[in-house]
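Data first, discussion second: the structure below is written as structure tokens.
The values are calculated or read from the model by the stated rules, or taken from the named source; none is laboratory data. Keep in mind that this is a model prediction, so the values were computed, not measured. Here the Cβ positions follow ideal geometry from the backbone for every residue, glycine too, while neighbour counts run over all protein chains shown.
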Amino acid sequence: MAAILFILDALLTLVVIAFLLRVVMPLVRADFRTPLGEAVLRFTSPLVMPLRKVLKPAGRVDSATIVALLLVQFAGTAILRLVAGGGFALGPIVVRGVFDLAHTILQLYTVAVLVYALLSWVAPGNDSPATRLLGRLCEPLLRPVRRVVPPIGGLDFAALFVLIGLQALQILLR
């Protein structure tokens, strides 16, 4: 049963990440005309587009996408709870869903910052669509840290401090 729950949780987390990327990418002005951007749009549009007819965007924030993200997160939490043998109580599902979503956001940014830092060491100057997307996602977190902790001896420690902060936040959520 634990293996089934793990697989189901992993698949549902990937779905949530797709919707999360659809929320975050416009906020950081990432390009949707990349293979990943197009995949995110195609995967999430069946739920977002009908909601968009009812919910209008508020500036750069697409309220339909946020509602879709929350619906997917809460549905995933309910499915996992039911499969695990728990009951269907709306309060615990909403609370657990909010914590799970926050955890997923922190995990996504942890992986993004880690991969972005590794790419800067292994392939500096790489201008692939994936590197540009990672830069758009990570630079808003790294830039303020770089103002406080400048590069030392040519090494940028901003990613290390951001990763420590993200891990501390994940610990607080447990």
task: Scan the stretch 21-80 for residues that are touching a residue at least 60 places away in the same chain (Cβ under 8 Å) and over 21 Å from Leu137 (Cβ atoms) and jot them down.
output: Gly76, Ile79, Leu80
- request: Kindly indicate which of Thr34, Thr77, Thr65, Thr104 is farther than 30 Å from Gly135 by Cβ and of a type in the set (S, T, N, Q).
  value: Thr77
message: I'd like to check something: does the stretch 28-46 contain any residue that is surrounded by fewer than 18 Cβ atoms within 10 Å (Cβ to Cβ), touching a helix residue (DSSP H, G or I) at 6+ places or on another chain (Cβ under 6 Å), modelled with pLDDT of 95 or more and of a type in the set (A, V, I, L, M, F, W, C)?
response: yes
- request: Being within 14 Å of the chain's Cα centre (by Cα), closer than 22 Å to Ala130 by Cα and among the basic types (Lys, Arg) narrows it down to one of Arg29, Arg42, Arg22, so name that one.
  value: Arg22
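Quickly run through the stretch 98-155 and pick out the residues that are over 12 Å from the mean Cα position of the chain (by Cα), assigned to a helix (DSSP H, G or I), among the small types (Gly, Ala, Ser) and surrounded by fewer than 16 Cβ atoms within 10 Å (Cβ to Cβ). Walk me through how you get there before you give the answer.
Applying the first criterion (over 12 Å from the mean Cα position of the chain (by Cα)) to the stretch 98-155 yields 98-99, 114-133, 135-136, 139-155.
Filter once more, keeping what is assigned to a helix (DSSP H, G or I): 98-99, 114-122, 129-133, 135-136, 139-148.
Cutting the leftovers down to among the small types (Gly, Ala, Ser) gives us 117, 120, 130, 135.
Once the filter is applied, which keeps residues that are over 12 Å from the mean Cα position of the chain (by Cα), assigned to a helix (DSSP H, G or I), among the small types (Gly, Ala, Ser) and surrounded by fewer than 16 Cβ atoms within 10 Å (Cβ to Cβ), the stretch 98-155 yields only Ala130.
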